[in-house]
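The values are calculated or read from the model by the stated rules, or taken from the named source; none is laboratory data. Treat the numbers as computed from the prediction; the structure is a model and nothing was measured. In this analysis, Cβ positions are derived from the backbone assuming ideal geometry, glycine residues included, and neighbour counts consider all displayed protein chains.
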Amino acid sequence: MKDEIAVQLTGITKRFGPVTANSAVTMDVRRGEVLALLGENGSGKTTLMNMLSGIYFPDEGTIEINGTPASIRSPKDAFDLGIGMIHQHFKLVDVFTAAENIILGLPGKSRLNMRAVKEKIRGICEKYGFEVDPDRKVYNMSVSEKQTLEIVKVLYRGADILILDEPTAVLTPQETERLFGVIRNMRADGKSVIIITHKLHEVMEISDRVAILRRGKYITTLETKDADERSLAEAMVGEKLALNIDRSEPKNTTLRLEVKHLSCYNAEGIPTLSGVSFDAYGGEILGIAGISGCGQKELLESIAGLQQTRPGSSVLYYPDGGEAEELIGKSPREIRGLGVALSFVPEDRLGMGLVGSMGMTDNMMLKSYDMGAPVFLHKKDPSALAGAVRDDLGVVTPSLSTPVRRLSGGNVQKVLVGREISEAPTVLLTAYAVRGLDINTSYSIYRLLNEQKEKGVAVIYVGEDIDVLLELCDRILILCGGVVSGIVDAKSTSKEEIGLYMTKVGGPSDTDKSAGDYTDGNEENDGNKGKEDGR
């Protein structure tokens, strides 16, 4: 069965104005296999799959499905051909049940037989190993449950070819393993599964073959059993790479942030953080782990002055040779006016971090526009900074004035991270700094974060990849439901232990034992503990 061709792409080309996203791509997908699609940011992976799923239409080339030429002009055409794509951002209606989301938009009688619908859903779940409650509302589901629902939705509609875009980006190790079990069951049933991912260790674990794109062109397809992570990364980039994170031991650590009883609520009055307490030290990288939506975003925004906190919350900042300053209750501008060099890379890079209609130079100037004369804006320094960020991080852009919304997601992230790090902060807050970035750029970001650490900066790194957290960070704080469920030493903990803390299997006693050398478990301090030497 694996020798049967399910999808044949021949000479596929797609242009967006002067930019060629895919150039004469010819590749195939076999029936009953898991094909991983790899490539750097801007290499055309998502564009290629969007053409297969009917979102875009190719300018040149042909697509054959099961040996028959196909014209895929809409997602409906793709579904009719048995092709379903599960996007990284789910397409679900929160107030509907699982069953209602699955049948939404399907043709049928005016009166639905929901009992038959639910029976069919249960049959799919039993066949492949899913766990879906047809009557459960989407707003009550976890991230992994929503993803499972998306997969069941395309299977219900008869998909034999499934495309998964970054399927493990927000899953715990345990959830990832369950997903891989389901994918193996689908493969055994003859389904063709295409996975777009940047996680090479997962590629090695789940895929049968790996197709590689580079700068919009097809490079090669490798048998996974004949490859390793290094050879895959080098094929993506086209040059030798050093895939290791050089984590140095923290030296001359100094207390920078002392967070106590930090709590906040969302607009509906639901707690997003409850009594969070920890310390952050200059000269170390503190990792923040947790399932998506467990308070990571709110934690960083509270420190940065972007989130309203509850009474009793405290964030003390310790400058060099000065008295501690309370950040709670101050606006970002007031915090900056105190001389607090706080840099923030938000999760929503275009919504909060950059202005999509502006080019790189103007986005750099957002940090310095009020330093010039009242009437005239000085663009010389921001332009030089934009050029340096472009060159250092390899930002692919037609010009420094091209609106950043026209760049790929990975290149937008490079612009944002480069700008924030250039501020030379004493505290650097990063939320998902490498989300959606290719392996080469990700390691460039890790290198930049380590350089900041060695300069004495307190780096707080919110990340999704536990393997990276273990290699990059000195300590890891784990959030579960807005509560600190553990603080562990990254050098002595395990991926499995962090996964258990992410689901709140573990108690306060375990947390105290695992806190490492930087915490003493004593909250009744005078606010100056570790101020001089970080201990």
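Would you mention how many residues in the range 380-394 are outside any helix (DSSP H, G or I) and under 13 Å from residue 363 (Cα atoms)?
Total satisfying the criteria: 0.
For the range 257-358, give me every one of the strands (runs of 3 or more DSSP E) that falls completely inside it and has 3 or more residues that are aromatic (Phe, Trp, Tyr) and more than 23 Å from residue 417 (Cβ to Cβ).
Here the list is empty.
Could you look through the range 128-154, keep only residues that are at pLDDT 90 or above and surrounded by fewer than 18 Cβ atoms within 10 Å (Cβ to Cβ), and pick out the one that is farthest from the chain's Cα centre (by Cα)?
135
Looking at this structure, is residue 59 in contact with a strand residue (DSSP E or B) (Cβ under 8 Å, 6 or more places away or on another chain), surrounded by fewer than 14 Cβ atoms within 10 Å (Cβ to Cβ) and either in contact (Cβ under 8 Å) with a residue 24 or more places away in the chain or assigned by TED's automatic domain parsing to the domain that holds residue 179 (or both)?
no
Considering only residues that are in contact with a helix residue (DSSP H, G or I) (Cβ under 7 Å, 6 or more places away or on another chain) and under 21 Å from residue 83 (Cβ atoms), which ones fall in the range 114-145?
Across the range 114-145, the qualifying residues are 120, 121, 124, 128, 130.
Among the numbered criteria (1) at pLDDT 90 or above; (2) in contact with a Lys or Arg (Cβ under 8 Å, 6 or more places away or on another chain); (3) among the polar types (S, T, N, Q), which one does residue 441 miss?
(1)
Looking only at the range 234-276, how many residues end up being surrounded by 15 or more Cβ atoms within 10 Å (Cβ to Cβ) and farther than 30 Å from residue 200 by Cβ?
Number satisfying all stated conditions: 19.
Using the structure shown, decide if residue 446 is modelled with pLDDT of 85 or more, of a type in the set (Phe, Trp, Tyr), under 30 Å from residue 320 (Cα atoms) and surrounded by 16 or more Cβ atoms within 10 Å (Cβ to Cβ).
yes
Of the residues in the range 121-170, how many are assigned to a strand (DSSP E or B) and among the charged types (D, E, K, R)?
Adding up the residues that qualify gives 2.
Looking at the range 174-198 only, could you name the residues that are closer than 22 Å to residue 230 by Cβ and crowded, with 22+ Cβ neighbours inside 10 Å?
Hits for the range 174-198 are 195, 198.
Sort out which residues of the range 419-430 are buried (at least 23 other Cβ atoms within 10 Å of the Cβ) and either out of contact with any Gly (no Cβ under 9 Å at 6 or more places or on another chain) or acidic (Asp, Glu) (or both), and write them in order of number.
The answer is 421, 428, 429.
Checking residue 461 against (1) at pLDDT 90 or above; (2) over 16 Å from the mean Cα position of the chain (by Cα); (3) among the hydroxyl-bearing types (Ser, Thr, Tyr), which single condition isn't satisfied?
It fails just one condition, (2).
Have a look at 231, 263 and point out the one that is in contact with a strand residue (DSSP E or B) (Cβ under 8 Å, 6 or more places away or on another chain), farther than 13 Å from residue 477 by Cβ, without any contact (Cβ under 8 Å) to a residue 12 or more places away in the chain and not β-branched (Val, Ile, Thr).
Result: 231 is the single residue among 231, 263 that is in contact with a strand residue (DSSP E or B) (Cβ under 8 Å, 6 or more places away or on another chain), farther than 13 Å from residue 477 by Cβ, without any contact (Cβ under 8 Å) to a residue 12 or more places away in the chain and not β-branched (Val, Ile, Thr).
Kindly establish whether residue 461 is farther than 21 Å from residue 203 by Cα and among the hydroxyl-bearing types (Ser, Thr, Tyr).
yes
Could you please let me know if residue 115 is in a helix (DSSP H, G or I) and either at positive phi or free of Cβ contacts under 8 Å to residues at least 40 places away in the same chain (or both)?
Criteria met by residue 115.
Of the residues in the range 64-90, how many are β-branched (Val, Ile, Thr), surrounded by 20 or more Cβ atoms within 10 Å (Cβ to Cβ) and outside any loop (DSSP other than H, G, I, E, B)?
Residues in the range 64-90 being β-branched (Val, Ile, Thr), surrounded by 20 or more Cβ atoms within 10 Å (Cβ to Cβ) and outside any loop (DSSP other than H, G, I, E, B): 3 in total.
Check the range 190-213 and report whether any residue there is in the same structural domain as residue 168 (by TED's automatic domain parsing), over 22 Å from residue 40 (Cβ atoms) and free of Cβ contacts under 8 Å to residues at least 24 places away in the same chain. Quick ask: steps written out before the conclusion?
Looking only at the range 190-213, we keep the residues that are in the same structural domain as residue 168 (by TED's automatic domain parsing), and these are 190-213.
From what is left, the residues that are over 22 Å from residue 40 (Cβ atoms) are 190-193, 208.
When the remaining residues are screened for being free of Cβ contacts under 8 Å to residues at least 24 places away in the same chain, the result is none.
No.
Name the residue, out of 11, 32, 44, that is modelled with pLDDT of 95 or more and either touching a Gly at 6+ places or on another chain (Cβ under 6 Å) or acidic (Asp, Glu) (or both). Steps first, answer last, please.
Working: 32 fails: modelled with pLDDT of 95 or more; 44 fails: modelled with pLDDT of 95 or more.
It is 11.
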